[in-house]
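*Asks:* My questions all concern the structure below.
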Amino acid sequence: MTASLLRLIGPGLRAQAGVLVALMAASGLTESIGVMLLVPLLTAIEPNQTGAISGALAELGLSLSLGGMLAVFVLLVTARGLINLARNRAALRLELTAVEGLRGRAWRGILDADWRALGSIRQADGANLLIDNIDRAGYGMNQVVAGLAAGITLSGLALAGLAVAPVVTLGAGLGGILVLLAYRGLRQRAAALGERLGLAYQTMHRSIGESLGALRTIKSLGGEARAEASALAGFASLREASLSYQRVVGVGQFALQAGGAIVLAGLVWLGVQRWGLGATAILPVVALFARALPLLGSLQENWQNFEHTRPAITAVFALIDQVEAAREPELPLSAPPDLRRAIALSAITVRHEGAEKPALDAITLTVPARALIALTGASGAGKSTLADVRGGLISPDAGSLLIDGTPLDAAQRRAWRSQVAYVQQDPALLADTVRANLLWAAPAADQTRIMAALRDAACQFVFGWPQGIDTPIGDGGRALSGGERQRLMLARALLRDPALLILDEATSALDAENEALIAQALAGLKGRMAILIIAHRGALTALADRTYRLDQGKLVS
C-alpha cells in the first residue's frame, strides 16, 4: 500500500501532501480538545461531579463557568469547520493534480515511445487505461487521504479518551485493532473484485470500441442483435462486479455496527459496575465512542476501497513503465537531411518481438530522390515495415538508412521524419473543419498554401461548399465519401511539403473512379518529391518508375 501511495503522489506533490497532513492533524486536535471539554462542561452544569480534567483546570486557575466553556466549545467547532474546509480543498487539489499528472505522464510516454513498442498496445486497452483506470487510481488516492484523515482524528480521540478514562479507552482501542485485523480477508476479497472490475471495464471498452468502428458492417450484415447482446453482456459483467463489491462492503459495515454496539455496551457496564466510573467519565467516553465508531468504519472502508482500486493503479503504472522503458532517447536537435540524390537502405534487418522470422531480412535498395516507386507483396511481406524504416519511424536492428550516401544516426533519423508524410489506408481525420485538419500538418500554413495543396490532391470538391475550407467534416470525416477522405489526407500530407511521400494501401478500399482521381493527382506530383506507393495492384502501381516486390521480408525483384 505504501509503495503504491508513494508512486501515486510522486516527488512533486510531497509539499501539498505535507500541508494536507498538517490540516488533518489540526482538525483531529480541535476535535479531541472539544471532546475533553465535555468533562469541565459537565462539572459546570453539575458542580458535585469532578474529574481529572476539571481538577487540572482548577489548579491552573481557569474558570469553569458554563458560559466560558460554551464559548470555548463554539470557537473550537468553528475553527474545526474552517480547518476541514481547507483540508477538503487541499485533498481535492492533491487528487486532481495527481490524476492529471498520471494521465499526462502516460500519454506523454505513449507519444514518446518507440513505434515498434506501441504495436503491442491495443487501442481500446490504451483508452481504458488512460481514462477509467487512472480515474480509479485517483479514487484510490481519495480513499487513502480520507482514511488518513480518519486515522489522525481517531488518534486525537484516543488521546482525549486516555485523559478521561484510560482503562475504558485502552479496551476500546484494542477492540478497534482487532476489528481491522479481522477485516483483512474482506480487503483481500476487495482486491480480487477490483481485478475483476478492471477486466470488465477492459472488455467493455474493447467491445464498444470495435462495434463503433464497425457500425456500417454491423448494419449491413444485420448484426444489430448480436452487437447489442455482446454489449449487454459486457454491461452485465460490469454490473455484477460492482454489486459483488458492494455486498462485501455492506457485510463489513453491518458487522462493524453490530460489533461496535456490543463492545460499547460491555465497556459502559464494566465502567459503571466494576470500575466505579461516574457520569463525568462515562458520558464523554460514550461520546468519544459514538464519534470513533463511524471513523473506524470509515477507516476500514477507505482501506478496503483502496485495495479495490489497487489493480487499476498497478495496471496504470505497468503501462507507464512499459512505454517509458521504450522511450526514444533524448537527442540534440538536428537539421533534417537535405535529400538531393537518393534514399538508400543498406542491409536493413528488422525483427519484431516474438516473431520467428525477421520482418525485413538484409534489404538493400537505393531509389533516386525524385522517383516514384511501388512496393508490392502479400500481406505480412514487410511492406509497411520497410516504409516505416524508410520514413525514419523505426530504427532497424541492423543496417543503415542513408540520405545522399550519408548514414543517419538516431538524431538525424528523427529529424528526417519532418521531411516525410504518410497517407495510410484508414483515414485519420479530426471531427473539425477542413482547415483544421489540414493545419494539423502545417500550423503556420496560409490560405494560399492550403488552396494549393487541395488542388494538387484533387480536392476541388471543397471549393464548391458554402463554407469552403471552414466546413465541418464530422466525426472522422464521416460527412465525406471514402474517396474524398483519402484525397483530403493527401492534401494534408502535401501541405507538409515533404521530401518523401508514402501511400500505404491508400486506395485499397476505394472504387476505380476515386483511385483514378488520386492516380491523376500523383501523376502531377512526379518529379517534385520521392513517392513510395505500397499496393497490391491497380492504377497507382502503373505510375511507378520502378516496382519492387517483397516476399517474407526479402526483396525478390
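The values are calculated or read from the model by the stated rules, or taken from the named source; none is laboratory data. Bear in mind the structure is a predicted one, so any value in this text is a computation, not a measurement. Quick reminder, even Gly has a Cβ in these numbers, built from the backbone with ideal geometry, and neighbours come from all protein chains shown.
*Asks:* Inspect the range 457-473 for any residue being of a type outside the set (D, E), under 30 Å from the mean Cα position of the chain (by Cα) and either over 20 Å from L360 (Cβ atoms) or in the same structural domain as A359 (by TED's automatic domain parsing) (or both) and give the result as yes or no.
*Replies:* yes
*Asks:* Right, here's the next one. With respect to A493, is the statement that it is closer than 26 Å to A381 by Cα and either surrounded by 15 or more Cβ atoms within 10 Å (Cβ to Cβ) or touching a Phe, Trp or Tyr at 6+ places or on another chain (Cβ under 7 Å) (or both) true?
*Replies:* The answer is yes for A493.
*Asks:* With respect to A335, determine if the residue is outside the structural domain of Y422 (by TED's automatic domain parsing) and under 25 Å from A530 (Cβ atoms).
*Replies:* Criteria met by A335.
*Asks:* Return the only residue of G68, G81 being more than 20 Å from the chain's Cα centre (by Cα) and either at pLDDT 70 or above or surrounded by 17 or more Cβ atoms within 10 Å (Cβ to Cβ) (or both).
*Replies:* G81
*Asks:* Another question, if that's okay. Is there any pair with a first residue in the range 517-539 that is modelled with pLDDT of 85 or more and a second that is of a type in the set (D, E, K, R) and in a strand (DSSP E or B) whose Cβ atoms are under 8 Å apart and which are 6 or more apart or on different chains, and what are they?
*Replies:* If the second residue must be of a type in the set (D, E, K, R) and in a strand (DSSP E or B), the pairs left are I534/D504.
*Asks:* Something else about it: Can you find a residue that is in a loop (DSSP other than H, G, I, E, B) and more than 16 Å from the chain's Cα centre (by Cα) anywhere in the range 90-98?
*Replies:* no
*Asks:* Quick one: would you say S384 is under 22 Å from A535 (Cα atoms), free of Cβ contacts under 8 Å to residues at least 12 places away in the same chain and assigned by TED's automatic domain parsing to the domain that holds A493?
*Replies:* In short, no.
*Asks:* Can you pull out every residue in the range 518-557 that is within 42 Å of the chain's Cα centre (by Cα), basic (K, R) and surrounded by 14 or more Cβ atoms within 10 Å (Cβ to Cβ)?
*Replies:* R549, K554
*Asks:* Next question. Right, T507: β-branched (V, I, T) and either surrounded by fewer than 19 Cβ atoms within 10 Å (Cβ to Cβ) or part of a strand (DSSP E or B) (or both) or not?
*Replies:* No; evaluated as a whole, the condition is false for this residue.
*Asks:* Moving on. Of I348, I343, I363, which residue is closer than 19 Å to L532 by Cα, crowded, with 19+ Cβ neighbours inside 10 Å, among the hydrophobic types (A, V, I, L, M, F, W, C) and free of Cβ contacts under 8 Å to residues at least 60 places away in the same chain?
*Replies:* Answer to the check: I348.
*Asks:* For the range 440-451, what are the residues that are touching a residue at least 24 places away in the same chain (Cβ under 8 Å) and not in a loop (DSSP other than H, G, I, E, B)?
*Replies:* Residues satisfying the conditions are R449, I450.
*Asks:* With respect to N128, is the statement that it is closer than 22 Å to H308 by Cβ, part of a helix (DSSP H, G or I), modelled with pLDDT under 75 and under 13 Å from the mean Cα position of the chain (by Cα) true?
*Replies:* Spelling it out, N128 is indeed closer than 22 Å to H308 by Cβ, part of a helix (DSSP H, G or I), modelled with pLDDT under 75 and under 13 Å from the mean Cα position of the chain (by Cα).
*Asks:* State the number of residues belonging to the range 387-414 that are in a helix (DSSP H, G or I) and more than 29 Å from the chain's Cα centre (by Cα).
*Replies:* Number satisfying all stated conditions: 7.
*Asks:* Okay, next question. Could you go through the range 269-282 and let me know if any residue there is among the β-branched types (V, I, T), in contact with a Ser or Thr (Cβ under 7 Å, 6 or more places away or on another chain) and modelled with pLDDT under 80.
*Replies:* yes
*Asks:* Same structure, new question: Kindly check whether there is at least one residue in the range 435-452 that is surrounded by fewer than 23 Cβ atoms within 10 Å (Cβ to Cβ) and under 23 Å from A539 (Cβ atoms).
*Replies:* Looking through the range 435-452, none of the residues is surrounded by fewer than 23 Cβ atoms within 10 Å (Cβ to Cβ) and under 23 Å from A539 (Cβ atoms).
*Asks:* Still on this structure, please answer the following. Please identify the pairs in which a residue from the range 296-319 that is in the same structural domain as T153 (by TED's automatic domain parsing) has its Cβ atom under 6 Å from the Cβ atom of a residue that is among the acidic types (D, E) and in a helix (DSSP H, G or I), counting only partners at least 6 apart or on another chain.
*Replies:* P311/E195
*Asks:* Please enumerate the residues belonging to the range 396-421 that are within 21 Å of D504 (Cα to Cα), charged (D, E, K, R) and surrounded by fewer than 18 Cβ atoms within 10 Å (Cβ to Cβ).
*Replies:* R417
*Asks:* Of the conditions (1) surrounded by 15 or more Cβ atoms within 10 Å (Cβ to Cβ); (2) outside any loop (DSSP other than H, G, I, E, B), L480 satisfies every one except a single condition; which number is it?
*Replies:* Answer for L480: the failing condition is (2).
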